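See below for the structure under consideration.
Quick note: the coordinates plus some simple rules give every number you see, no bench work behind them. Treat the numbers as computed from the prediction; the structure is a model and nothing was measured. Note that each Cβ is placed from the backbone with ideal geometry, even for glycine, and that neighbours are counted across all protein chains shown.
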Amino acid sequence: MPTDAKFSEISGNFRFYSRYLASLFLNLPTAMDLSRLNPLPEWKPRMTEFEAGEGWKYQESLQAAEALYNKWREVFGMVMAFAENLRQSAVGSPTDFRNLILENAYLIAPKIQSAGGPTLYQIKMENAALIRFNSRQMMEQIIFAVMVGAADESYKNVIQDSMDEFKFLFRQWVATFGPDGEPDDWGLFV
């Protein structure tokens, strides 16, 4: 069983980190390139969709969204490895846990992408709320999987540490949002 010190030692280098984690979960050699195992596409800048004269307005928001998205890709890879290596427990099958965990995990990346750039404030806030909700649900399901013996706590701890970094970037991203004067027909984000 890996120690927390070992995880801390390798946390600075994501490529090695993801290979190391996957080798633990999947018994693969650490020299193998595992970046292809993450189905999330790399960030594609949306600035090309805007006129050059107006793009500066969204630069800060897009940079924060890109940093958040890239961090999510890192977390997502760990969550996939975690979910794919769950074991049978007295409470449920690995498939039950896997489906719940991945259902939440898959919803986050598109919400980050769609809230970048010239999106209405209320849509940005709605997406931010959904990202927070799905992130919390996913972590609760991961914690429950550990609690019932379907996974090891050390793997949950690695994901939790990365989620703490994700939350920090999330707060920075949300800080770039500003009301745009458009009415919210629902009266929720005014």
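Among Ser89, Phe76, Leu62, whose Cα sits farthest toward the positive end of the charge dipole of the range 57-177 (+1 at Cβ of Lys/Arg, -1 at Cβ of Asp/Glu, about the Cα centre)?
Leu62
Could you order peptides 171-184, 102-115, 64-77 by the average number of other Cβ atoms within 10 Å of their residues, highest first?
So the order, starting with the most tightly packed, is 64-77, 102-115, 171-184.
Under the 0.36 nm per residue contour assumption, what length would be gained going from the current alpha-carbon distance of Ala90 and Arg136 to full extension? Could the numbers behind the result be given before it?
Numbers: separation 46, 0.36 × 46 = 16.56 nm, distance 2.39 nm.
Roughly 14.2 nm would be gained on extension.
D for the range 57-177, whole µm²/s, Stokes-Einstein with Kirkwood Rh over alpha-carbon pairs at 25 °C and 0.890 mPa s: what number? Could you put the intermediate results ahead of the total?
Working: Rh = 14.8 Å.
So the translational diffusion coefficient is about 166 µm²/s.
Which of the GluC sites (Glu not before Pro) across the range 111-190 are loop residues per DSSP, with 12 or fewer other Cβ within 10 Å?
none
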